[in-house]
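The block underneath contains the structure these notes are about, expressed in structure tokens.
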Amino acid sequence: MLTNVGNDSTRFKVRQVKGLEGEEEVRVGFKPGPVAPGMHTKLSITLQASAKGQDQRQLRTEFQIVTETEIMHVGVSANILSRNAYDASSPQLAQHVILLKGEAPQQKGQVWSGASSDGMEY
């Protein structure tokens, strides 16, 4: 959730930080346009990653939220498990994490889709 706490409408951009490991595995979705004072808009973070032949690996990357007056850096980190490691564990999903059902996309450009209880589409 991104809230405009100022007195004027404002716009923002989301930028992926280039050159970091995992930058192509994380996407941030948002509805472009002005945000009125006191109002908010939702950001959705989509992570599409594989363990790359390992049982587990760490993913750390970041993106930036750029407003007219500030640049905010938002870190993203995840533990990526292989299918076997995931099946052998019983992980608890963190609050606001949604597990999307289905097979992972096989080709670049394909994405998972789903929806959360708050109406956001992924």
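Quick one: which residues, 5 or more positions from Ser50 or on another chain, have an amide H under 5 Å from its amide H? H modelled 1.01 Å from N in the peptide plane, none for Pro or chain starts.
The list, which skips near neighbours in sequence, is empty: none.
Spelling out what I want: for every residue of segment 51-58, take phi, set θ = phi - 60°, compute 6.51 cos²θ - 1.76 cosθ + 1.60 (Karplus), and round to whole Hz; glycine and proline get x.
Karplus-based 3J(HN,Hα) across segment 51-58 equals 6, 6, x, 10, 6, 7, 8, 9 Hz.
Values in this text are rule-based calculations from the coordinates and carry no lab data. Everything numeric in this text was worked out from a predicted model, so none of it was measured.
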